[in-house]
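Below is one structure, written out as structure tokens, with a few remarks after it.
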Amino acid sequence: METDTHMSRPDTPVKGDTSLLSPLKVAGIYAVFGMMWIVFSDRALHFLVGDPDMESQLQTWKGWAFILVTAVLVYGLTHRLVKNIHQAHNDLQALNQTLEEHVAKRTAELSAKEAYLRAVVDNSAEAIITLDNWGHIETFNPAAQKIFGYTEGQVIGQKNSMLFPPEQRAAHEDFFQDAGQIERKLVDAPRDLKGQRHNGEIFPLKMNMSKMRIEGHTKFVGIIRDMTER
């Protein structure tokens, strides 16, 4: 089986108009307004006022008016810019919160599923062991510890052949040198074998092995039943 490690992302749209008025656009509007003010106001004064002294005085007032009007214009443009920035910031915060909630929920679901599967394995009456592609033991549930007499720490990373009598160990190790041989003779093919406990006792067992793939790696799951109990 192939584990699904991908998490779907929520399709959360960003609300509001987050388009920002660029500084270049602000400068452009200011420049156009300034040129139009200078050209048309000078022409208007020259056309309406014939007295040079009066025209000079009005030019001064016109300068102050220009400062006032442009200050209002710059305020309006920068206010819109800051408002849009704040809106974009709020939208990003809302999106980030939504993503965090989704990740937290998904993580909790995966943790609950993992805890459930772990409880099933830990409370199984039959030995369940997992092996890597080379036959090294990766997990060893409590039933396996009880049947074979080893603690989990004693077997993790060791070859699974240690669970069988010495005369059978070479054959078990050979299986994992040939993937095709494992498929033909071990996977989904229950077998009656002999096992060896930590104290050296030989006992009959029935083993069924399945193949799985996790994140692109081949693994094997062995389910072992102690037949001496029957």
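The values are calculated or read from the model by the stated rules, or taken from the named source; none is laboratory data. Everything numeric in this text was worked out from a predicted model, so none of it was measured. Here the Cβ positions follow ideal geometry from the backbone for every residue, glycine too, while neighbour counts run over all protein chains shown.
Filtering segment 110-119 to residues that are surrounded by 11 or more Cβ atoms within 10 Å (Cβ to Cβ) and modelled with pLDDT of 90 or more leaves only LEU110. The residues on offer are GLN177, GLN168, and the sole one that is closer than 22 Å to LYS211 by Cβ and free of Cβ contacts under 8 Å to residues at least 12 places away in the same chain is GLN177.
Scanning segment 52-99 for residues that are farther than 30 Å from PHE40 by Cα and among the hydrophobic types (A, V, I, L, M, F, W, C) gives VAL82, ILE85, ALA88, LEU92, ALA94, LEU95, LEU99. Of the residues making up segment 199-216, those that are touching a Lys or Arg at 6+ places or on another chain (Cβ under 7 Å) and hydrophobic (A, V, I, L, M, F, W, C) are ILE202, PHE203, LEU205, MET207, MET212. Quick one: which of ASP4, ASP51, ASP11, ASP17 is modelled with pLDDT under 75 and within 30 Å of MET212 (Cβ to Cβ)? Every option except ASP4 fails the conditions.
Taking segment 213-222 as the range and being under 15 Å from HIS136 (Cα atoms) and aliphatic (A, V, I, L, M) as the test, only VAL221 passes. Scanning segment 192-210 for residues that are within 16 Å of ILE137 (Cβ to Cβ) and of a type in the set (D, E, K, R) yields one hit, ARG197.
Quickly run through segment 52-92 and pick out the residues that are exposed (fewer than 13 other Cβ atoms within 10 Å of the Cβ), without any contact (Cβ under 8 Å) to a residue 24 or more places away in the chain and either of a type in the set (A, V, I, L, M) or not in a helix (DSSP H, G or I) (or both). Across segment 52-92, the qualifying residues are MET54, ILE67, LEU68, ALA71, VAL72, VAL82.
Scanning segment 121-151 for residues that are surrounded by 14 or more Cβ atoms within 10 Å (Cβ to Cβ) and part of a helix (DSSP H, G or I) gives VAL121, PRO142, ALA143, ALA144, GLN145, ILE147, PHE148.
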